[in-house]
Each structure stands twice: as C-alpha cells, then as structure tokens.
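Trainee: One structure follows; several queries about it will come next.
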Amino acid sequence: MFFEVCPCKKIAVTGSDGKTTTTTIIAKLLEAQGYTVHLGGNIGHPLLAETGEMRPEDIAVLELSSFQLMTMRRSPEIAVITNLAPNHLDIHKGMEEYVAAKENIYLWQDEGGRLVLNHDNDYTRSFAARARGTVTWFARQTEAPSGVALEDGSIVVKGDRAVLPVSDILLPGVHNWENYMAAIAAVDGLVSDETIRTFARTFGGVEHRIELVAEKAGVRYYNDSIASSPSRTIAGLRSFRQKVILIAGGYDKHLDYAPLGPEIVAHVKALVLTGATAGKIRAATEAAPGYDPALLPIYDGLDFAGALEQARSIARPGDVVILSPASASFDQFKNFMVRGDTFKQLVRALPEH
C-alpha cells in the first residue's frame, strides 16, 4: 500500500544478512548529501502514515523482509539484494518460497530501474537474467563484469574511480566492507565520494550488530543479537583478529548448523550455549575437523543470565565476549532487540574490576 501512494523515489534493501546496516548506511549517506530521507520498513518504522509529508524530491529508503515481499506487486526504483542464504525456514514452505519472496523486490521494476546484486552469491548472481532494469554488481571475492569491487585496499567503481579506502571504514569486519559496497552501488550518482569517505570514518554501526557494550575488568563485551542465523554469526566471528568467547543458542528455525562448527573451531576459545539450539550447535562444533575439547571447552545447560556469568568467570583481561546466537530469540525473548537489551543490561551490571 505504501508503494502505491509514495510520491518520491524509493530505494529498498533485502537479503539474508546485512540488510539493516546497508539500509542505514544508504539513508545516512543520502542525508549527509542533503536529501530529505524517510527511513522505514522492516527496520522498525512504518512509513505509510507519513506519505502526506513526503515531497517528490525526497527519497524513501526501506528495509524489506521476505514476509513483506511475499505479496508485493510493485518494486522500488533502486533495489538492493545483499545476499541470500537459508533463513526463516520455520515459516516459509522451503528455500524456493523464501527465494521467490526476495525476488519480488526487483521483478516489478521497469527498464529505468536499478538492481544491485552480490556477484559473490550464487543465488543473487542468478537473478540478473530476470532483471528488467540495469544490473549493478558488487563483488569482494569474484570478478564481476562491472560495478563496485575491491581493488588494492579500496572500494572502487570499476573502470571509473576509487571511492573508499577500506581502512577508512570504522565498522569492524569484511562483511561491513560488503555492506558499504552495496550501499555505494545504490547511491552512485546521488552521493559524492567525499561524502561517503567522511561518513565511513565516523559511523559506528547499528544497535545489536557487533555493538561494543562495555569493557569490564579488561574484558570487552559485544552485543550481536541480530545474528539469528549461522551465517550472521560466522560473519561476526570473522570480524575479530583474536579468538573470542562466544555465547550462542536460541530458538530453532530449522537451519543447518554444520557450516558453523568449523568457524567456531577456528575463531572461538570457549563456547557457552543456551536455548533450544544449544545441542545442535554443540554437535556441529564437536563434529568439525580439528575440534579439541582441551582447546575449546563447551558449556551448556545454562539460562541466558547464567551463560553470561559463565563467560565472565572464564574471561581474562584482553578477552572478547560476544553474544552472537546463530538462532532466533523466540524461545526466551519477544525479539532480538529485547534479547540484546537484556544482554546489555546484564553486562553493564557486571563489576568493573
């Protein structure tokens, strides 16, 4: 309904991972360039009631979930798909329905539309054949024919110019390089390179996404409650240069945890489990090549507060403790935000020394 009555240009983002951060970056870049921006959708703010205040020269920036997209018969002028991986299979009939829902973000574009796709992802790479508008690629790992790429430590528009040295990006993790690449592909021609560079040096991220909560007794605590799937947790673990103490587990969305096991072995020094998926995550870790219980102790059978207390008791100065559940929150919390807020309250109540 909003798409039917919105009077201005629409930029919309979907994907399995990174969509909230990418949506936020796009909106803030446009604001920094001087546009009046209306940010909403799945990001938590409905825009329908605000259409009367919107002008044709404004820009609406929306995050769209698979649930919102399932019945869509309109697409935005600029559509972004960050990536696709199995998710929400407890709700969708299967991966085919999930993918079909995501595709609605671009299937209703006309020839003037722009579709930003991740060339590194098999699912999104295949969408180009059905695009009616212009496809703009972004690629960190593969060689895309055009679009936004990573070259010599900078995000570049291929054949044109270097836009952003990745050393200027304040957010940790290579997955955030990809989020910036997707955003730059979306706003190319609307936002100057200098605006992008200035913004990247100061933007500290979105709440609940590898969010530094506090340092207590020399231990840094991070809230990554948004990580409700294995792929999200994998990205979070890869963001740190040291092995971390990981708190994981939660509601079971019937996802495959096998890919998470090797990443835990590679990036985690102690695993603390809570919630309904604790057994699946333990099994995936113990089955991973190179797993050694002497090097990677696993603690489970804990409630949420007990998991944090367990992590605190084994942490030493210089350690990192991260809540990155690889699972939804609904076994214990209303949503991932409540889970993250609860974690932050518990962390801030820990002793300073």
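Trainee: Can you compute the modelled spin-label distance between Ala129 and Arg201, with each label point 7 Å from Cα toward Cβ, in nm?
Mentor: In this crude label model, Ala129 to Arg201 measures out at 4.6 nm.
Trainee: Oh, and also: For the chain, what is the percent of antiparallel DSSP beta bridges, rounded to the nearest 5?
Mentor: About 25 percent, rounded to the nearest 5.
Trainee: I need the shape label for the stretch 1-49. Rule: rounded when a/c is under 1.5, else prolate if a/b > b/c, else oblate, with a, b, c from the alpha carbon gyration tensor.
Mentor: Cα axes put the stretch 1-49 in the oblate bin.
Trainee: What's the ranking of 161-167, 174-180, 77-83 by average number of surrounding C-beta atoms within 10 Å, highest first?
Mentor: On the way: 161-167: 14.9, 174-180: 23.0, 77-83: 25.4.
Highest-to-lowest ranking by the protection proxy: 77-83, 174-180, 161-167.
Trainee: Hey, what does the equivalent ellipsoid look like for the stretch 36-146, semi-axes from the Cα gyration tensor as sqrt of 5 times each eigenvalue, largest first, whole Å?
Mentor: Whole-Å semi-axes of the equivalent ellipsoid: 24, 19, 13.
Trainee: Could you tell me which trypsin sites (Lys or Arg not before Pro) in the stretch 26-87 are loop residues by DSSP with no more than 12 other beta carbons within 10 angstrom of their beta carbon?
Mentor: Arg73
Trainee: Contour minus end-to-end for Glu151 and Ala283, with contour as 0.36 nm per residue of separation and end-to-end as the Cα-Cα distance?
Mentor: 43.6 nm
Trainee: Let me ask something else. Arrange the peptides 320-327, 289-296, 7-14 so that the one whose residues have, on average, the most other Cβ atoms within 10 Å appears first.
Mentor: Ranked by mean Cβ neighbours within 10 Å, highest first: 320-327, 7-14, 289-296.
Trainee: Can you give the accessible area per residue of the stretch 214-256, in Å², using a 1.4 Å probe?
Mentor: About 35 Å² of surface per residue is accessible.
Trainee: Given a 1.4 angstrom probe, what's the average accessible area per residue across the stretch 43-90, in square angstrom?
Mentor: Per-residue value: 45 Å².
Trainee: Could I ask something else about it? What is the dipole size for the stretch 1-89, taken about its Cα centre, with +1 at each Lys and Arg Cβ and -1 at each Asp and Glu Cβ, in debye to the nearest 20?
Mentor: Working: 7 positive and 9 negative charges, 41 e Å.
Using only the charged Cβ atoms, the result is roughly 200 debye.
Trainee: Using alpha-carbon positions, what is the distance between the centroids of the stretch 7-47 and the stretch 60-75, in Å?
Mentor: 12 Å
Trainee: Moving to a separate point now. Given a Förster distance of 35 Å, report the FRET efficiency between Glu50 and Glu352 from their Cβ-Cβ distance, rounded to the nearest 0.05.
Mentor: 0.20
Trainee: Considering the zone a paramagnetic label at Asp193 would reach in this model (a point 7 Å from Cα along the Cα-to-Cβ line), which residues of the stretch 135-149 have amide N under 14 Å from it?
Mentor: Hits in the stretch 135-149 for Asp193 at 14 Å: 148-149.
Trainee: Still on this structure: Ignoring any ligand, DNA or RNA, what whole percent of the accessible area of the stretch 1-109 comes from carbon and sulfur when the probe is 1.4 angstrom?
Mentor: 52 percent
Trainee: Checking the a/c ratio against 1.5 first, then a/b against b/c, what shape does the Cα gyration tensor give for the chain?
Mentor: Details: a/c = 1.73, a/b = 1.62, b/c = 1.07.
Because a/c hits 1.5 or more and a/b exceeds b/c, the chain counts as prolate.
Trainee: Arrange the residues Met72, Met181, Met337 by how much accessible surface each exposes, largest first, with a 1.4 angstrom probe.
Mentor: Descending order: Met337, Met72, Met181.
Trainee: Moving to a separate point now. Tell me the relative contact order for the chain as a rounded percent, counting alpha carbon contacts under 8 Å between residues six or more apart.
Mentor: 14 percent
Trainee: Moving on. How much mean residue ellipticity at 222 nm does the chain get from its helices, if each DSSP H run of length 4 or more adds -39500 (n - 2.57) and you divide by all residues, to the nearest 500 deg cm²/dmol?
Mentor: Roughly -9000 deg cm²/dmol at 222 nm, from the helical runs in the chain.
Trainee: Over all distinct Cα pairs, what is the inverse of the mean 1/r for the stretch 1-87, reported as the Kirkwood hydrodynamic radius in Å?
Mentor: Every distinct Cα pair counted, the radius reaches 13.1 Å.
Trainee: Okay, moving on. Subtract the Cα-Cα distance of Ser313 and Met337 from 0.36 nm times their separation in residues, and report this length gain in nm to one decimal. All intermediate terms of the calculation are to be shown ahead of the outcome.
Mentor: Working: separation 24, 0.36 × 24 = 8.64 nm, distance 2.52 nm.
Additional length available on full extension: 6.1 nm.
Trainee: Quick check: at a probe of 1.4 Å, how many percent of the accessible area of the stretch 260-353 sits on carbon and sulfur atoms?
Mentor: 57 percent
The values are calculated or read from the model by the stated rules, or taken from the named source; none is laboratory data. As the structure is a computational prediction, the values presented were derived from the model and not from experiment. Cβ: placed from backbone, ideal geometry, glycine included. Neighbour counts: every protein chain shown. Surface areas here come from the heavy atoms of the whole protein model, side chains and all, with no ligands, DNA or RNA. Shrake-Rupley method; radii C 1.70, N 1.55, O 1.52, S 1.80 Å.
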